Amino acid sequence: MNLHTSQPSRLPQSERLARVRLARSSQIGPVTFRRLLEQFGSARTAIEALPDIARKSGAKRPIVIATRQDTIAEIESALALSAKPVIWGDPEYPTALAAIEDAPPYFYVLGDVSLLSRPNIGIVGARNASLGGCQFARGLARELTQAGYNVVSGLARGIDGAAHQGALDASLAPVGTNGATIAVVAGGVDVIYPREHADLHQRIAQSGCVISEMPPGLKPQARHFPRRNRIISGLAQGIIVIEAGRNSGSLITARMAAEQGRDVFAVPGSPTDPRAAGPNSLIRDGAILCDSIDAILNVIGHANTISQFDAPSQTFNDETRPPPANNTAYNLDVILEGLMRDRTFENTNNTDDHVQTTINPAQTGGSGPASYSVATGTDGNDPGQTLYDLLSSAPIAIDSLIRASNLPASTISTLLIELELSGRVERHPGNRVSRIAN
């Protein structure tokens, strides 16, 4: 039988439900989930053995098994939103994502599920991105989509929003070979975050897809974002970082991508701009310098030339069998090691700049018609800081600032005079302005 062409059979509904129950049980992370399936052959059998595992392991905290009723209620709430659950072992589960060690046991998809198995490129970056960075991200995403790649990002302000916009620009063109865009969100697939991306969320769900491993209705918390980031990199053949601070979530995504064997690209920037510190450090550490789509295509090429993305997805025996007699037929050490790995992933990745951006909205981006723009002051932000955040050391046209900031031209003019007098901004020929290096 040719494994590369045969279609895996769909799991029985009882086993699919059991896998969701197992994944939602306390202390069972992605690695432990996989180890249990490997040891017991099915989630149904693993669930029956969990009390014995907890007893033998001497766990200080009990393993609370998710109830069948709660699990059914969660899935039904997703189906009511037209969100489809994709469970480990389903034919739709993307091979690239399945290859990472801590692949999600299941996730929900709002939109076109088939996109997940097509060639994907991730684009991530700063939320308080400069206008030039957003324009570059939007243009690069448009070109990648026109080249047949899906653009994967996190639906955040700044670079993420610009990347999704660029992909939508291209995917709506009447060309059958274009890619689309995939938004991986930290809350439920139905939760709009940030709120100004409501229209963008809807457009992506209609022509691309929105995915999350969180239950519907769950609002994102800071600890959810690193978990989301590993899905962005796990789906992609390569990750592009455009503007990011040294300790940002974008660099966490880049690190995850490198650990997962993905290519990491970084767009260089001025050493005087703090948002260039992340990409510049990635390049020093061996990331591929990216200044155009050619830098990406020359490395990645076409998806059908990369063997790891053609490999068959991993599946498990779905036949129920009784728990091992006298607890001797499974390797407890393997399961305990999985529990430790899950705790390690949780602790190591539980550092993201979302805590800072949630506490201090003035440092985050976006509202207005251009969803990749910085907030305009309507939510209490300082318009002067808003305008300054859009600038970088590269000169940008004032007309572009007016369109992106959603501020009146008279306000822009006044703010630029203030910034110029304070020594923070300089003017250039052609009615352009830039930051002055500190």
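Need one number: nm distance between label points at ALA295 and ASP169, each 7 Å from Cα along Cα→Cβ, rounded to one decimal.
Each label point lies 7 Å from its Cα, and together they span 1.9 nm.
Just to confirm my numbers, what's the Cα centroid distance between the range 77-140 and the range 218-282 in Å?
15
With a Förster radius of 35 Å, plug the Cβ-Cβ distance of GLN221 and ASP382 into 1/(1 + (r/R0)^6) and report the FRET value to the nearest 0.05.
0.85
Given axes a ≥ b ≥ c from the Cα gyration tensor, I'd like to know whether the range 204-290 is rounded (a/c under 1.5), prolate (a/b larger than b/c) or oblate.
It comes out prolate by the Cα gyration axes.
Heavy atoms of the protein only, probe of 1.4 Å, neighbouring chains included. What is the accessible area of ARG10 in Å², nearest 10?
Number for this one is 110 Å².
Hey, with R₀ at 60 Å, roughly what FRET efficiency would THR67 and LEU421 work out to, going by the Cβ-Cβ distance, to 0.05?
Efficiency, from the Cβ-Cβ distance: 0.40.
Give me the one-decimal nm value for the distance between modelled label points at SER400 and GLU337, 7 Å along each residue's Cα-to-Cβ direction.
Between SER400 and GLU337, the label points sit 5.2 nm apart.
By the gyration tensor of its Cα atoms, with a ≥ b ≥ c the square roots of the eigenvalues, what is the shape of the range 116-167: rounded for a/c under 1.5, prolate for a/b over b/c, or oblate?
Here the range 116-167 falls in the oblate category.
Mind ranking PHE107, PHE136 by accessible surface for me, highest first, 1.4 Å probe?
Result, largest first: PHE136, PHE107.
Does the range 115-202 classify as rounded, prolate or oblate by the C-alpha gyration tensor (a ≥ b ≥ c root eigenvalues; a/c under 1.5 gives rounded; else a/b over b/c gives prolate, otherwise oblate)?
Oblate is the answer for the range 115-202, as a/c is 1.5 or above yet b/c matches or exceeds a/b.
The values are calculated or read from the model by the stated rules, or taken from the named source; none is laboratory data. Everything quoted here is computed from the prediction, not taken from an experiment. For neighbour counting, all protein chains shown are included, and Cβ atoms are generated from backbone atoms with ideal geometry for every residue, glycine included. Ligands, DNA and RNA are excluded from the accessible area calculation, which covers all protein heavy atoms including side chains. Shrake-Rupley method; radii C 1.70, N 1.55, O 1.52, S 1.80 Å.
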